[in-house]
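What follows is one structure encoded as C-alpha cells, with my remarks underneath.
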Amino acid sequence: MKSAALHNLGCKVNAYETEVMQQMLREAGYRIVPFTERADVYVINTCSVTGMADKKSRQMLHRARKRNPDAVIVGAGCYIQTGGEALSGEGLADILIGNNRKHELVALIAEYEKSHRRLKSVPDFADGQPEYEAMFLEQTAEHTRAFLKVQDGCNQFCSYCIIPYARGRVRSRSAEDVVAEAVRLSEHGCQEIVLTGIHLSSYGVDNGGSLPELIRQVHAVEGIRRIRLGSLEPGIVTEEFAALLSGLPKVCPHFHLSLQSGSDSVLKRMNRRYSTAQYEAGCALLRRYYAHPTITTDVIVGFPGETEEEYEETRAFLRKIHFYEMHIFKYSRREGTRAAARKDQVPEQVKTRRSAELIALSGEMSAEFREACTGRNASALMEERFVFDGVEYFTGYTEEYVKVAVKTGHNTGSDLTNKWVTGRIEKQLTDDVYLLVEFSDKLY
C-alpha cells in the first residue's frame, strides 16, 4: 500500500481543504502517515498571505523532497496560484495544483505516475467567475472539532492583500450542502464545528443566501452542540445579527473581528470599509448581548506610510477595545497589490519594534481575560491528554475558547476525548491553561 503525507499552511479554509484531500487519498487506497515520515506522496497545501508564508511554503516543499527524493511532491493552494510560474522551473514540485482544482489531486497523481512529466493545473481567475469547488468532508481526524468551509473568494481588494488574486471572487456553497455536511460530521461523532470561508461575511452575496440564515439552519442539526464562526468583518455585527446569535445557544460567544489598524487614516489607505467608531460599536453590541464574549482580531503593523502617531492611535485603540487575543503581522509587500507600489514603505526595524510591542500587549490582555474567567462555571469539550508536574489531565476549550484542564483522577488511563466536562475554573496551571474542577465525577 502506498503512503501519503500532508502538511497544511495557513488559514482555516486551507485546513479544511487539507482534510478533504487527505480523505480523498485514503479513499483512493493510500495509507496516511505523518509528514515527518518517509512517504510515497507528499502534499503541501501552501499559503501566500505574507512573504513569510511564501518562504515557509517553499521550505516545506524542499523538506519533502529531501525526506524522499523519489516521492511524488505535490504543491497546492495559494502560493502555487500566485507563485507557480517561479516554481515550475525549479523542480520543487512534480505537480502544481491551484485553488479550485484540488478535487483533481488523485487523478493528477495517477497521471504523473504514468508519464513522469511535471503537471500543472492552475486556473486563471481573470477568465471569469468559477463555480464553487465541490468538497465534502465525511469526518475529521481530530474527531472533536471540524472546520466546515461554506464560502470561497473575496471581492474586497484591500490594498495590501493578494488573496482575491489567489482565490478569485466570492463563491458561496449552497445551504443544503452545508447542512448535509454538518449532519454527516455529526453522525461521525463531531460535536463542534467552525463555519469558515475566505471572506465569511460575504456568504450568500452571489446565491441569494445569508450568513445569519445559514447559521440558523446549521444550529438545527441534531448532534452539533457548538458552532464557532470564522473571521468576520466588523460591518456584519448589527443589532439584528447580535440579537439573532445570542438567541442561538449553540453559537459560542467567541468572535474574531478583523481590524488591521486602529487608525482611521491607515484604514482608509488599506481600503478597509469601516471606521474605528463603527468597529467599536460592533464590539459594544456583542458585549451588550453577551455577558463575557471573547473578541479576537488581526492587526498589521508598518503598513506603508504608517507614522508613529498612527501607530500610537492603533495601540491606544487596542487597549480601549481590550481583546482576548490579537494576531500581529508585520506588513508584507505583495507584488501586484496597490500597497506594494507605494514609495513610503516603513523600515523593517520599525515594523519589528512595533510588532514586538503589540505582541506583548496581546499577552497582557489575554492573561487579564483568562484571569477574569476564574471562579466562573464552564463546560469544555475534552480534546487531548496533558501532563503537568507529573499529574495527568485532559484539556479542552470552554465556549469562550479558554483552554482548561481537568484531572483524570479515577479515570486515569481512560480516554476523555470528545467528552464534556462541566465545572468551575479554579486557577492558572500554565501561561495559557486553567484548571477546571468538576462538579461531579459521573459526567463521562
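Taken together, the values in this text are just the output of simple stated rules run on the coordinates, not laboratory data. Not measured: the values here are computed from a predicted model. All Cβ positions, glycine included, derive from the backbone under ideal geometry; neighbour counts span all protein chains shown.
Test of understanding: ordering Lys250, Lys114 by Cβ neighbours within 10 Å, fewest first, what list do you get?
On the way: Lys250 19, Lys114 8.
Taking fewest neighbouring Cβ atoms as first place, the list is Lys114, Lys250.
Straight-line reach from Lys419: which lysines have Cα under 30 Å away, leaving out those fewer than 8 places along the same chain?
Reachable lysines: Lys12, Lys149, Lys250, Lys403, Lys407, Lys427, Lys442.
Given contacts defined as C-alpha pairs under 8 Å and at least six residues apart, what's the relative contact order of segment 377-438, whole-number percent?
About 35 percent, as a whole number.
For a Förster distance of 51 Å, can you work out the FRET efficiency between the beta-carbons of Val437 and Asn155, rounded to the nearest 0.05? Don't jump to the answer; show the numbers that get you there.
On the way: r = 48 Å, r/R0 = 0.94.
According to the calculation, E is roughly 0.60.
How far apart, in nm, are the 7 Å Cα→Cβ label points at Glu111 and Asp298?
3.2
As a footprinting exposure proxy, order Asp431, Asp298 by other Cβ within 10 Å, with the fewest listed first. Intermediate values should be presented prior to the final figure.
On the way: Asp431 9, Asp298 15.
Ascending Cβ contact count within 10 Å gives the list Asp431, Asp298.
If you take the charge dipole of the chain about its Cα centre, with +1 on Lys and Arg Cβ and -1 on Asp and Glu Cβ, which of Val41, Tyr279, Ser210 is farthest toward its positive end?
Of the listed residues, the answer is Val41.
Report, ordered by chain and residue number, the aspartates and glutamates lying within cross-link reach of Lys2, taken as a straight Cα distance under 15 Å and ignoring same-chain residues fewer than 8 apart.
The qualifying aspartates and glutamates are Glu27, Glu37, Asp40, Asp70, Glu113.
Which of the peptides 328-338, 25-35 is most tightly packed, and how do the rest follow, going by the mean number of other Cβ atoms within 10 Å of each residue? Walk me through the numbers before you get to the answer.
Numbers: 328-338: 17.3, 25-35: 14.3.
In decreasing order of mean packing, 328-338, 25-35 become 328-338, 25-35.
For a label point 7 Å from the Cα of Arg338 along Cα→C-beta, name the residues of segment 158-200 whose backbone N is under 13 Å from it.
Within reach of a label on Arg338, which here means backbone N under 13 Å from a point 7 Å along Cα→Cβ, segment 158-200 contributes 158-161.
Can you list the lysines whose alpha carbon sits under 17 Å from that of Lys55, skipping same-chain ones fewer than 8 residues off?
Lys66, Lys330
Arranged from highest to lowest average of other beta-carbon atoms within 10 Å per residue, in what order do the peptides 380-390, 251-261 appear? Numbers along the way, then the final one.
Details: 380-390: 15.4, 251-261: 22.4.
Output ranking for 380-390, 251-261: 251-261, 380-390.
Please get the size of the charge dipole for the chain, origin at its Cα centre, with Cβ charges of +1 on Lys and Arg and -1 on Asp and Glu, quoted in debye to the nearest 20.
680
Compute the label zone of His327 within segment 178-215: residues whose backbone N is under 13 Å from the point 7 Å along Cα-to-Cβ.
196-200
Towards the positive end of the charge dipole of segment 145-372, with charges on Cβ (+1 Lys, Arg; -1 Asp, Glu), say which of Pro164, Gly305, Leu318 has the farthest Cα.
Result: Pro164, furthest along the dipole toward the positive end.
So what's the net charge close to Asp177: Lys and Arg +1, Asp and Glu -1, counting the other residues with Cβ under 12 Å from its Cβ? Present the calculation step by step, with values, prior to reporting the outcome.
Details: positive: Lys149, Arg173, Arg184; negative: Glu133, Glu176, Glu181.
With Lys, Arg at +1 and Asp, Glu at -1, the neighbours total 0.
If I model a spin label at Asp124 and Glu384 as a point 7 Å from the Cα along the Cα→Cβ vector, what separation in nanometres do I get?
About 4.4 nm, to one decimal.
Please arrange Val301, Val20 by counting, for each residue, the other beta carbons lying within 10 Å of its beta carbon, fewest first. Walk me through the intermediate numbers first.
Values: Val301 26, Val20 20.
Ascending number of Cβ neighbours within 10 Å: Val20, Val301.
Quickly rank 150-157, 179-186 as a protection proxy: mean count of other C-beta atoms within 10 Å, highest first. The partial results should precede the final answer.
Values: 150-157: 20.8, 179-186: 18.5.
The densest-packed peptide leads the list: 150-157, 179-186.
Using a Förster radius of 30 Å, what is the FRET efficiency between Leu244 and Arg273 based on their Cβ-Cβ separation? Nearest 0.05, please. Show your work: numbers first, answer last.
Details: r = 22 Å, r/R0 = 0.74.
Once rounded, the FRET efficiency stands at 0.85.
For Asp344, what is the net charge nearby, where nearby means another residue's Cβ is under 10 Å from its Cβ and Lys, Arg count +1, Asp, Glu -1? It would help to have the intermediate numbers written out before the result.
Details: positive: Arg269, Arg342, Lys343; negative: Glu306.
Summing Lys and Arg as +1 and Asp and Glu as -1 gives +2.
May I ask what percent, to the nearest 5, of DSSP beta bridges between residues of the chain are antiparallel? Mind dumping the intermediate values first?
On the way: 24 of 67 bridges.
The antiparallel fraction comes to roughly 35 percent.
What is the local net charge at Ile215, summed over the other residues whose Cβ is closer than 11 Å to its Cβ (Lys, Arg +1; Asp, Glu -1)? All intermediate terms of the calculation are to be shown ahead of the outcome.
On the way: positive: Arg216, Arg228, Lys250; negative: Glu213.
Result for the neighbourhood of Ile215: +2.
Roughly how big is segment 3-123's charge dipole about its Cα centre, with Cβ charges of +1 (Lys, Arg) and -1 (Asp, Glu), in debye to the nearest 20? Let's see the in-between values first.
Details: 17 positive and 13 negative charges, 58 e Å.
Around 280 debye, computed over segment 3-123.
Just grab the label-to-label distance for Tyr401 and Arg287, each label 7 Å out from Cα along the Cβ direction, in nm (one decimal).
About 1.8 nm, to one decimal.
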